[in-house]
Protein chains: 2
Amino acid sequence: MIRFFEKDPYAPIQYSYEVSKVLYHKRSKFQDIMVFENPFFGKVLVLDGVVQITERDEFFYHEMLVHVVMNAHPDPRKVIVIGGGDGGTVREVLKHKSVEKVFFIEIDKDVIGVSKKFFPGVASGIGDKRVEIKCMDGAEFVRGRRSDIDAVIVDSTDIVGFAKSLFTRNFFRAINNCLTEDGMFVTLSESLHFHKDMVVEVQKTMKAAFPVVDLYTASLATYAGNWWSFSVGSKKLDPREIRRKDRIRTKYYSREIHGSAFLPKDMYSRLMSGRLGW
Amino acid sequence: MIRFFEKDPYAPIQYSYEVSKVLYHKRSKFQDIMVFENPFFGKVLVLDGVVQITERDEFFYHEMLVHVVMNAHPDPRKVIVIGGGDGGTVREVLKHKSVEKVFFIEIDKDVIGVSKKFFPGVASGIGDKRVEIKCMDGAEFVRGRRSDIDAVIVDSTDIVGFAKSLFTRNFFRAINNCLTEDGMFVTLSESLHFHKDMVVEVQKTMKAAFPVVDLYTASLATYAGNWWSFSVGSKKLDPREIRRKDRIRTKYYSREIHGSAFLPKDMYSRLMSGRLGW
C-alpha cells in the first residue's frame with residue numbers, strides 16, 4: 001500500500017493517508033501540486049506536501065469560512081476572495097443572491113486548472129459571470145483600493161512561505177481601507193490545539209487594523225490540529241450577529257452553528273491574555 | 001528520530017508522533033500498555049497501539065466527558081466510573097462537592113498502576129477516600145444493581161475488542177436500572193467525522209434503554225477524527241440544561257461550552273435519519 005505522509009513542519013502529529021492512485025503531480029511556478037485518490041476522502045488536493053481539500057469534507061471548511069461573514073453582513077454585494085484556487089470559497093459566496101461581483105484573486109493559475117479538472121464540484125462557481133479571476137498576489141490587489149467592498153475572504157495556505165504576506169499589519173490595513181462601513185473580513189488562523197500562539201498573533205495583528213476583531217472555530221478532520229480557527233475583522237458590526245434572512249443550502253453551517261462557533265467571551269479573553277490553561 | 005504510528009484500524013488518517021523516549025512498554029493480562037515522551041504533548045499513554053491520553057491535552061476529554069452530566073444532574077452523590085484507568089475521569093468527578101461515593105470499575109489494574117507512576121496529575125484522585133476501586137468488568141458490576149446511582153460514566157477504549165460489551169443494549173438497560181429517577185449516563189461514541197455510522201448506532205442502541213438520549217461533541221486533537229462525540233442518556237432530565245450552581249475549576253469546560261457542545265436539534269435529527277450530507 002502506498003501512503004502519503006503530510007509535510008507540515010509545525011504539526012506535532014503527522015497525518016498520513018492511503019493513496020489508491022496519484023492522479024496529478026507537478027510543480028507550478030509557486031508550489032508542488034498533487035492530487036491523489038483515497039478510499040475514504042475521495043480525491044485529495046495537496047500543495048507543498050500539505051492537504052488543502054478533500055472531496056468528502058471540503059464543505060466543512062468552505063461553509064465555515066464563507067457564511068459567517070456573509071450572514072453577519074446586512075447585504076454583501078461586492079466580495080473579494082484571495083486564494084482558494086480550488087474554487088470552493090467562491091462557490092459558497094455565490095450561494096448568496098445579494099452578490100453581484102466576486103473578485104477571485106489566486107496567485108497560482110495552475111491550482112485553478114487542476115481543480116477544474118479533478119474537483120468539478122468544488123470549482124463549479126469559477127465560470128459564473130459574476131466572478132472575475134485575477135492571477136496575482138492578493139496583497140497587491142487590495143493595496144490602494146478604496147471603500148467599495150462588502151466582504152474580503154482570505155483562503156490561503158498555512159501561514160508559511162509566500163502566504164505570510166497575507167497576515168501582515170499592512171495587508172490587514174489595506175483590507176480595512178477597501179471595505180465599506182459595514183464591511184467584513186475573514187481569514188483562517190490555524191489550530192487552537194496546535195498553534196495557539198499563532199492564533200493570538202493573527203488576532204493581535206488584526207486588532208491594529210480593525211476596530212472589531214473576533215474568533216470562531218470548527219472541527220476539521222484534515223487540517224492538523226483540527227480545532228481550526230477563523231479570525232474576523234470589521235469596522236463596526238459584530239460578526240456574532242446574523243443580519244440576513246435568506247436561507248442558503250448548506251451541509252454543516254446553520255444559524256445555530258454560527259452562534260455556537262464563536263469562542264465564549266470568557267475563553268476568548270483568557271486566550272488573548274495568555275491565561276488559557278494549555 | 002523514532003516515531004510511533006498509531007494502529008487504529010478504523011481511522012482513515014493515520015496519526016504518528018515523535019518519540020523522545022519510551023518510558024514503559026509491557027503487555028498486561030488484557031492489552032499492550034506503552035508510555036512514551038513527546039516534545040509537544042509530554043507523556044503519552046497508549047493502549048493496544050491507540051493513544052488514550054497525553055499530559056498536554058487530556059483535560060479536554062476528561063472535562064467534557066464528566067461535567068456535562070454532573071452539571072445537568074441536580075445533586076450527584078453516588079457515581080460509577082467504568083474504565084478510565086488513568087484516573088482523569090475520577091479526578092474530574094471529585095471536583096463536584098456533592099459527590100459522596102465513586103465506584104471506580106477498571107478491568108485492567110496495570111493501567112491504574114502505570115498512570116499512578118507516570119501521570120500523577122491525572123491519577124491524583126484515585127486515592128481519595130470517596131473512591132472505591134474494583135478491578136472487574138464494568139458490565140458485570142452494574143448487572144442487577146438497583147436504582148441508587150446518580151451518574152454512570154463510561155470512559156472506555158474504542159468500540160472494539162473487550163470494550164464492545166460496554167455498548168450493548170443489555171449493558172445500557174442494566175445502567176438505566178441502576179440509576180435513580182434523576183440519573184444520567186454518558187459514554188464516548190467515537191468521531192462524527194470518521195465514524196458517523198457508529199455514532200448513530202450507539203445512539204439508537206441507547207434509545208432502546210433510555211427515555212432521553214442526546215449527543216454532544218468536542219474537538220480533540222489526539223483522537224482519530226477529532227470531532228469527538230459523547231452520548232448521554234437519562235430517565236427524564238434534559239442533559240442540555242444546567243441544574244447546578246457550584247462553579248468548578250476547569251480549563252476548557254464552561255457553562256457556555258455546555259450549551260454549545262450539543263448538536264443543533266436540526267442537525268441531530270438529520271444525523272439520526274441518515275440525511276446528513278456526509
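Got a sec? Which of B:GLY183, B:GLY127 is assigned to a loop (DSSP other than H, G, I, E, B) and either at negative phi or at pLDDT 95 or above (or both)? Write out each step before concluding.
Values: B:GLY183 fails: assigned to a loop (DSSP other than H, G, I, E, B).
Residue meeting the stated conditions: B:GLY127.
Total residues in the range A:200-218 satisfying the condition of being in contact (Cβ under 8 Å) with a residue 60 or more places away in the chain and either in contact with a helix residue (DSSP H, G or I) (Cβ under 6 Å, 6 or more places away or on another chain) or of a type in the set (Gly, Ala, Ser) (or both): the figure is 2. Filtering the range A:252-264 to residues that are within 8 Å of another protein chain (Cβ to nearest Cβ) and either exposed (fewer than 15 other Cβ atoms within 10 Å of the Cβ) or farther than 15 Å from B:LEU263 by Cβ (or both) leaves only A:PRO264. When residues in the range B:189-199 are screened for being within 15 Å of the chain's Cα centre (by Cα) and either within 8 Å of chain A (Cβ to nearest Cβ) or without any contact (Cβ under 8 Å) to a residue 12 or more places away in the chain (or both), 1 of them pass. Regarding the range A:217-229, can at least one residue be identified that is more than 8 Å from chain B (Cβ to nearest Cβ) and surrounded by fewer than 21 Cβ atoms within 10 Å (Cβ to Cβ)? Within the range A:217-229, not a single residue is more than 8 Å from chain B (Cβ to nearest Cβ) and surrounded by fewer than 21 Cβ atoms within 10 Å (Cβ to Cβ).
Taking the range A:61-111 as the range and being in contact (Cβ under 8 Å) with a residue 40 or more places away in the chain, in a loop (DSSP other than H, G, I, E, B) and aliphatic (A, V, I, L, M) as the test, only A:ILE107 passes.
Of all residues in the range A:65-124, which are crowded, with 24+ Cβ neighbours inside 10 Å and among the aromatic types (Phe, Trp, Tyr)? Across the range A:65-124, the qualifying residue is only A:PHE104. Scanning the range B:8-59 for residues that are over 20 Å from the mean Cα position of the chain (by Cα), more than 8 Å from chain A (Cβ to nearest Cβ) and either basic (Lys, Arg) or crowded, with 19+ Cβ neighbours inside 10 Å (or both) turns up B:LYS21, B:LYS26, B:ARG27, B:LYS29, B:PHE36.
Based on what the data block shows, is A:VAL114 modelled with pLDDT of 95 or more and part of a helix (DSSP H, G or I)? Spelling it out, A:VAL114 is indeed modelled with pLDDT of 95 or more and part of a helix (DSSP H, G or I). Residues that are within 12 Å of the chain's Cα centre (by Cα) and either outside any strand (DSSP E or B) or at pLDDT below 95 (or both) within the range A:143-158 comprise A:SER156, A:THR157, A:ASP158, listed in sequence order. Please enumerate the residues belonging to the range A:230-251 that are buried (at least 19 other Cβ atoms within 10 Å of the Cβ) and within 12 Å of another protein chain (Cβ to nearest Cβ). Answer for the range A:230-251, where residues must be buried (at least 19 other Cβ atoms within 10 Å of the Cβ) and within 12 Å of another protein chain (Cβ to nearest Cβ): there is none. One residue alone among A:ARG77, A:ARG56, A:ARG91 is closer than 15 Å to A:ASP150 by Cβ and basic (Lys, Arg), and that residue is A:ARG77.
Looking across the range B:13-60 at every residue that is hydrophobic (A, V, I, L, M, F, W, C) and assigned to a loop (DSSP other than H, G, I, E, B), the one that is farthest from B:GLY161 (Cα to Cα) is identified as B:PHE40. Criterion applied to A:VAL212, A:VAL186, A:VAL202 was being more than 19 Å from A:VAL81 (Cβ to Cβ) and away from chain B (no Cβ under 14 Å), and the one residue passing it is A:VAL212.
The set of residues in the range B:238-278 being of a type in the set (Lys, Arg), within 27 Å of A:GLU63 (Cβ to Cβ) and over 21 Å from the mean Cα position of the chain (by Cα) consists of B:LYS265, B:ARG270, B:ARG275. If you go through the range A:39-74 and keep only what is touching a Pro at 6+ places or on another chain (Cβ under 7 Å) and closer than 21 Å to B:LEU192 by Cβ, you end up with A:PHE40, A:PHE41, A:VAL68.
Criterion first (more than 17 Å from the chain's Cα centre (by Cα) and buried (at least 22 other Cβ atoms within 10 Å of the Cβ)) does A:PHE185 satisfy it?
Values: more than 17 Å from the chain's Cα centre (by Cα): no; buried (at least 22 other Cβ atoms within 10 Å of the Cβ): yes.
Taking the combined requirement at face value, the residue does not satisfy it.
The values are calculated or read from the model by the stated rules, or taken from the named source; none is laboratory data. Not measured: the values here are computed from a predicted model. A quick note on method: Cβ atoms are made from the backbone with ideal geometry, for glycine too, and the neighbour counts reach across all protein chains shown.
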